[in-house]
1. What's the number of the only condition in (1) part of a helix (DSSP H, G or I); (2) of a type outside the set (A, V, I, L, M); (3) crowded, with 21+ Cβ neighbours inside 10 Å that THR181 fails to meet?
2. Could we say that THR275 is over 24 Å from ARG210 (Cβ atoms) and surrounded by 15 or more Cβ atoms within 10 Å (Cβ to Cβ) here?
3. Which one of the conditions (1) farther than 20 Å from CYS229 by Cα; (2) within 26 Å of the chain's Cα centre (by Cα) does SER286 fail to meet, given that it meets all the rest?
4. Give region 72-97 a look and list any residue that's free of Cβ contacts under 8 Å to residues at least 60 places away in the same chain and outside any helix (DSSP H, G or I), or say none.
5. Scanning region 9-30 for residues that are closer than 14 Å to ALA178 by Cβ and touching a helix residue (DSSP H, G or I) at 6+ places or on another chain (Cβ under 6 Å), which turns out surrounded by the fewest Cβ atoms within 10 Å (Cβ to Cβ)?
6. ALA250 - would you say it is out of contact with any Phe, Trp or Tyr (no Cβ under 6 Å at 6 or more places or on another chain) and closer than 27 Å to LEU213 by Cβ?
7. What number of residues in region 135-147 are more than 10 Å from LEU117 (Cβ to Cβ) and open to solvent by less than 50 Å² (accessible area, probe 1.4 Å)?
8. If you scan region 42-71, which residues turn out to be surrounded by 12 or more Cβ atoms within 10 Å (Cβ to Cβ), among the β-branched types (Val, Ile, Thr) and outside any loop (DSSP other than H, G, I, E, B)?
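The values are calculated or read from the model by the stated rules, or taken from the named source; none is laboratory data. The shown structure was predicted, so the numbers you read here are calculated from the model rather than taken from an experiment. FYI the Cβ positions are ideal-geometry reconstructions off the backbone, even for glycines, and counts take in every protein chain you see. Protein only, heavy atoms only, side chains kept; ligands, DNA and RNA dropped before computing areas. Shrake-Rupley method; radii C 1.70, N 1.55, O 1.52, S 1.80 Å.
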Amino acid sequence: MAPRTVLAVLFDGLQSLDVTGPVEVFAGAELLAPDTYRIRTASLDGAPVRTTSGLTLVPDESLASAPAPDILLVPGGTGSLRPDPRLVDWVRERGPRAERLVSVCTGAAVLAGAGLLDGRRATTHWAYCDRLAREHPAVTIDPDPVYVRDGHIATSAGVTAGIDLALALVEEDLGRDAALTIARHLVVFLRRPGSQAQFSAQLAAQTAQREPLRDVQRWITDHPEADLCVETLAARARLSPRHFARAFRAETGMTPGRYVDRVRLEHARRLLEDTADGIEEIARTSGYGTSEAMRRAFVRTLGTPPAEYRRRFRPATTS
């Protein structure tokens, strides 16, 4: 393919990993397949910027003199939440011209401020999804995925999700083997589909305050194959089903049924990724009962059936 220019936008208050993570992925691709990506960085005036961690990054040039990018990368950080109006104007003008417009973490706020996400689906760091939805009602914010692609625009969740998205773009350009090689070099997994939740069930849900409910949470995680209906779980907590359902939701932020669904999906995913167990066996040990029930859960939540998920995200075996 013709070399693609990757331009990372720099500004004061950016999250350094939002830039360095994806840039390392593209740099790895360039080492693997020379003349694939030309990486540039630019700030408003070409001046060095200070990241949220105190690091100073020196750009290659100013945004005004930067080459037209094929891939335009906008990182997040505190500086993206109240960006310089000149930066927003520049992104508004140049973003639509890029073959791919990419934001990492709260960089989505810059794209939204430029009006480029209006009428589109997007994501950002989980802690800022509500704020972004409130400030930009024309944007459909999905708080769950690691990244979302809508047309030529791709938005990703917090920090390391930018690496996932960059690996997906490299896989699209150079193939799975190249992306897997880069992932191994960076000691990360080429596993997470964009639709994978930002959190595990245990992280997405709060830990219950009362010990009987915490015990139920642990029991669900350790026994996904068991009968996990509300009545059974309520009996374990020594509460009435109605009281249990109300208390569980109040203390964890999600219903018992949704929590069980997430735990079972994660358990099945791990077995698909890490074992050679058959689909029927995984469905049984994950609590689905039948492979068809598991298939429906995967398609509904991840957009892909279990067999395809395994093909795409199970690491290649080595001899």
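1. (3)
2. no
3. Result: SER286 fails condition (1) only.
4. ARG82 - this is the single residue of region 72-97 that is free of Cβ contacts under 8 Å to residues at least 60 places away in the same chain and outside any helix (DSSP H, G or I).
5. GLY28
6. Taking the combined requirement at face value, the residue satisfies it.
7. 4
8. Of everything in region 42-71, those that are surrounded by 12 or more Cβ atoms within 10 Å (Cβ to Cβ), among the β-branched types (Val, Ile, Thr) and outside any loop (DSSP other than H, G, I, E, B) turn out to be VAL49, ILE71.
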